[in-house]
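The values are calculated or read from the model by the stated rules, or taken from the named source; none is laboratory data. As the structure is a prediction and not an experimental result, all values here were calculated from the model. Don't worry about glycine lacking a Cβ; one is built from the backbone with ideal geometry, like all the others, and counts go over all protein chains shown.
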Amino acid sequence: MSLSHELGLSETYSAFINNEFQPTITGQSFEARHSSTGEQLARIARCGKVEVDVAVQAAASAFPGWRATPPEERSAMLLKLAAAVEADLPRLARIDSIDIGRRLFETELDHRFAISQYRYFAAAAITHEGFGRPIPGGYLVAKREPYGVCGQIIPWNVPAIMTAFKIAPAVAAGNTIVLKPDENASLSTLELCKHVAEIFPPGVINIVPGFGEEAGAALTAHPGVSKLAFTGSSEVGRIIAGAGAERLVPVSLELGGKSPNIIFPDIDDIDAVVDNAMFATMYCNGQSCLAGTRLFVHDAVYDAVMERLVAGMERVKIGSGLAPDTVLSNLVSAEQGKRVLGYIDIGKAEGARLVTGGRRVPVEGHEAGYFITPAVFEAHNRMRIAQEEIFGPVLSVIRWKDYDQMIEEANDVRYGLAAGLYTTNLRNAWETADRLQAGSVWINQYFNLASGSPFGGFKESGIGSEYCHETLNMYTHLKAVTIQTQVAQPWFAPRS
Ligand code: ADP
């Protein structure tokens, strides 16, 4: 039995509109391939303007009914979706693992995180309130109202999380959606549709697979879309923001990162800190906007940290994402693999010292995959490898002595998504967190995305916060309604 059959994948997928996979109009499709064996997993419709238009119309027709659905009912449906994903988690996690090459341990975590998103916004849906207060002669009510049809576009690195980040708050707030998954990672989102069809009314959640310049561009330009939400590169984010500006619709963006991770000299458990720093670099095989890929190490602990870091990186078990002992698996595609190897050459050419890793290695039976040994560079902050988002297991280590200069360098990057720091001094932790220009600062643990913690970027890392109650404000506008108990005295008519 082929892997696709074993995982219950359909041979073909098309746009999911009105709770059905609709026959494609363009007739064009693309392949979803196993990222390390090259085996074809399915064919997916390459949607364009026409499919996007049909999907937006379906979402627009569903909007009045969905908006009028009591929040308690919307909430109950999100809880059902969470339960359906939970029951299907082992299969969905395996699909993601082979589709994008990540280890199963991580893709299972992704789906658990997605489940918590559906549950969080199920609760938030019924506690999202406007406000009211008395005014002279009456009362002011500020109501929160959904925008209508939301157009949402996501990347390939964590498809389960991205899908949940977009669907959950938007529909909780009473919007309907048209979502475009990434062309490299559409399968688990399309499989999720099979659960959606059992739970939600037709037209509330619509999915249009395809390419960015086609389905993506058609969605951002569509006049029926009242709100845009995007996660991906800062370059494409700028295009999406431009499309929003063109039609004057609100845009929320979660974009790239090049996060500093800072080791202070007072740490008391070097092994744990190094392990954390490795996790910060290699989670998602380094293909994460949050990755802590600029490691600032204080001079006093530099040699001890480097010794452990290099030994740790060289021990990392590389293999297929489905093998239970794998720590680092393959990058999403040959294109991404070549890009990362290109950055290894750039680092060497600009004078950074490659201490270990940075080579493509073969894995038997997975010859199509790009498995790259984790690379550690000794670098300077202004080097390209320390400034540009590489999206691979490549770490730039930067030695520091002077605190103010280190803070300046940590902030000297166009991004501002996340930052980590390790210290045993509470005041130092607090004051440093205060000075770092980042949407999330993690102290003594990297990637701490506690349920409901606002997640968003400063500077070129984005606009808006996801994963928190505030997100519902991004998916609604405020309407002020004032009530007077009697009609005000005329202002212009002469009094008798
Ligand atoms: P990454 O660097 O993570 O691959 P991208 O920013 O290239 O991220 O892509 C993220 C998402 O944006 C994908 O779903 C992609 O198809 C989509 N996309 C790319 N270009 C455009 C565009 N011009 N308009 C709309 N969507 C786009």
Self-check item: Flag if residue 264 is touching a His at 6+ places or on another chain (Cβ under 9 Å) and either modelled with pLDDT of 95 or more or buried (at least 24 other Cβ atoms within 10 Å of the Cβ) (or both)
Solution: yes
Quiz item: Quick check, is residue 331 in contact with a Leu (Cβ under 6 Å, 6 or more places away or on another chain), in contact (Cβ under 8 Å) with a residue 12 or more places away in the chain and in a loop (DSSP other than H, G, I, E, B)?
Solution: no
Quiz item: Just a yes or no: is a residue in segment 183-196 near the ligand (Cβ under 8 Å from one of its atoms) and assigned by TED's automatic domain parsing to the domain that holds residue 57?
Solution: yes
Quiz item: Within segment 75-175, which helices (runs of 4 or more DSSP H) (wholly inside it) include 2 or more residues that are more than 16 Å from the ligand (Cβ to nearest atom) and without any contact (Cβ under 8 Å) to a residue 40 or more places away in the chain?
Solution: 89-100, 104-125
Quiz item: Is there a residue being surrounded by 23 or more Cβ atoms within 10 Å (Cβ to Cβ), within 16 Å of the ligand (Cβ to nearest atom) and either within 28 Å of residue 415 (Cα to Cα) or small (Gly, Ala, Ser) (or both) anywhere in segment 299-317?
Solution: no
Exercise. Could you check residue 452 against (1) in contact with a Cys (Cβ under 9 Å, 6 or more places away or on another chain); (2) at pLDDT 95 or above and say which number it fails?
Key: (2)
Self-check item: Failed item in (1) part of a helix (DSSP H, G or I); (2) in contact (Cβ under 8 Å) with a residue 40 or more places away in the chain, with residue 194 passing the rest
Solution: (2)
Quiz item: Just wondering, is there one or more residues in segment 227-242 that are more than 18 Å from the chain's Cα centre (by Cα) and either more than 11 Å from the ligand (Cβ to nearest atom) or not assigned by TED's automatic domain parsing to the domain that holds residue 99 (or both)?
Solution: no
Quiz item: Of 75, 61, 35, which residue is of a type in the set (Ser, Thr, Tyr) and either modelled with pLDDT under 95 or surrounded by fewer than 17 Cβ atoms within 10 Å (Cβ to Cβ) (or both)?
Solution: 61
Quiz item: Would you call residue 204 crowded, with 24+ Cβ neighbours inside 10 Å, assigned by TED's automatic domain parsing to the domain that holds residue 123 and either near the ligand (Cβ under 8 Å from one of its atoms) or aliphatic (A, V, I, L, M) (or both)?
Solution: yes
Exercise. Within segment 224-235, work out how many residues are in a helix (DSSP H, G or I) and either modelled with pLDDT under 95 or surrounded by 14 or more Cβ atoms within 10 Å (Cβ to Cβ) (or both).
Key: 1
Quiz item: So which residues in segment 107-161 are among the polar types (S, T, N, Q) and loosely packed, with under 15 Cβ neighbours inside 10 Å?
Solution: 127
Exercise. Considering every residue within segment 96-109, establish whether at least one is more than 21 Å from the chain's Cα centre (by Cα) and among the basic types (Lys, Arg).
Key: no
Quiz item: Of everything in segment 1-32 that's surrounded by 15 or more Cβ atoms within 10 Å (Cβ to Cβ) and among the aliphatic types (A, V, I, L, M), which residue is nearest to residue 331 (Cα to Cα)?
Solution: 32
